[in-house]
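The values are calculated or read from the model by the stated rules, or taken from the named source; none is laboratory data. Every value quoted in this text rests on a predicted model; they were computed, and no experiment measured them. Here the Cβ positions follow ideal geometry from the backbone for every residue, glycine too, while neighbour counts run over all protein chains shown.
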């Protein structure tokens, strides 16, 4: 596929080396050749091979450094079906090597100054600083378990930049009064209801206001998607402010795809100043899913987990990513997406736990149509004690037509069972049949343990949500 060859992906990174010493150029070229053949290395200069089962995560078209995206499958990469999901391969090998615990660490975003440089030369510089060859020999002469611990600690120390203190530990918010109505509802009793609205393809706010006003008073909060399917729409920030002005609590969705680390921090400060308290961090759909002409596809400054980690530090520790102090911290309630239909329940449970450790206080799942698979997902989360630490809202939606059902089945991270489609096809009124199946699904979900609420994601069919809420007895 155009745009994904290693040469095009990283050629810009080698331009600064035109004036570097010849030995350094030769050494870097040798490293790229050897590591590329052995590990699929892309010479990002921020090597993570020790943490990712010795498979380079930069082979992912999104360049994700903290696990698979919500569209991952065991069969292939959803962006490029000609190759496997590289993160599925990483998890597979890590499990065989007994190193799944290494994948729990929140790994930093790229230090772009190092892109294209030699990790070997960087390692040698750190070796010199930490005792040189003698330190390595002492580590190798230790007992196996002690040697592994020393080796892992050494690599952790030399890889982490000074401005990043990522780890694999949970970081719950300190005791505080709820900052939003949604946070207060999720810490109380009863099922919580949220809804999702796609922003309009226009600058006229009237269409948006018409969509959201029926939700007033019947849902705790309304999400506004952030350029879904890589298609430009009215910004989630603008929609959130309009909703706030009309007495509806918003959930601001932020796709890391469209943000730099600087833009993310600035946008959340601005949102908090406007009174927007709920933030949902997403990685975002790949630009290839959007209409042409596509923009650059190889530059992802952040992922959802890094975004959560940065925002949690801003709120709880009062500092920016670069360690500068924030005098008035943003008081925000942080959320993330759950993906019950992606890859395997084990992989997604680890991924969701990592999000919660990074700072997520609530999870809104992708659409659920297959209850059996969703229950397996819940069991995997429960085994890792994730559900006890986060408010889980289940994504629900009726489908307007059989054609729409087939279309949704092709969306990464969504799975519509054949039995669902067959029941719609056999009905004289497929739309009404889908509504009834949704009501049945809600009744079953209401009985599941640890489910804290329902998240309605009725794409372009927002008008059906009040009926679903009323007939399901949620209100």
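Looking only at helices (runs of 4 or more DSSP H) that fall completely inside region 80-169, which ones have 2 or more residues that are modelled with pLDDT under 90 and loosely packed, with under 14 Cβ neighbours inside 10 Å? Step through it out loud before you land on a result.
Details: elements: 86-97, 119-129, 132-140, 144-159.
Where helices (runs of 4 or more DSSP H) fall fully within region 80-169 and carry at least 2 residues being modelled with pLDDT under 90 and loosely packed, with under 14 Cβ neighbours inside 10 Å, they are 119-129, 132-140, 144-159.
Looking for something over 16 Å from the mean Cα position of the chain (by Cα), buried (at least 23 other Cβ atoms within 10 Å of the Cβ) and not in a helix (DSSP H, G or I) - is there at least one such residue anywhere in region 229-242? Outline the logic, then answer.
Residues of region 229-242 that are over 16 Å from the mean Cα position of the chain (by Cα), as a first pass: 231-242.
Adding the requirement that they be buried (at least 23 other Cβ atoms within 10 Å of the Cβ) leaves 236, 239-240.
Now drop any that are not not in a helix (DSSP H, G or I), which leaves none.
No; the residues of region 229-242 include none that is over 16 Å from the mean Cα position of the chain (by Cα), buried (at least 23 other Cβ atoms within 10 Å of the Cβ) and not in a helix (DSSP H, G or I).
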**Request:** Answer yes if at least one residue in region 389-412 is within 22 Å of residue 189 (Cβ to Cβ) and assigned to a loop (DSSP other than H, G, I, E, B), and no otherwise.
**Result:** yes
**Message:** It is to be established whether one or more residues within region 266-276 are in a loop (DSSP other than H, G, I, E, B), closer than 20 Å to residue 225 by Cα and either modelled with pLDDT of 95 or more or over 18 Å from the mean Cα position of the chain (by Cα) (or both).
**Reply:** yes
**Prompt:** Only one of (1) touching a residue at least 40 places away in the same chain (Cβ under 8 Å); (2) in contact with a helix residue (DSSP H, G or I) (Cβ under 6 Å, 6 or more places away or on another chain) is not met by residue 288, so which one is it?
**Reply:** (2)
**Subset of region 280-313 (residues that are over 18 Å from the mean Cα position of the chain (by Cα) and surrounded by 22 or more Cβ atoms within 10 Å (Cβ to Cβ))** = none
**Selection count where residues are closer than 17 Å to residue 197 by Cα and in a loop (DSSP other than H, G, I, E, B), scope region 444-469** = 5
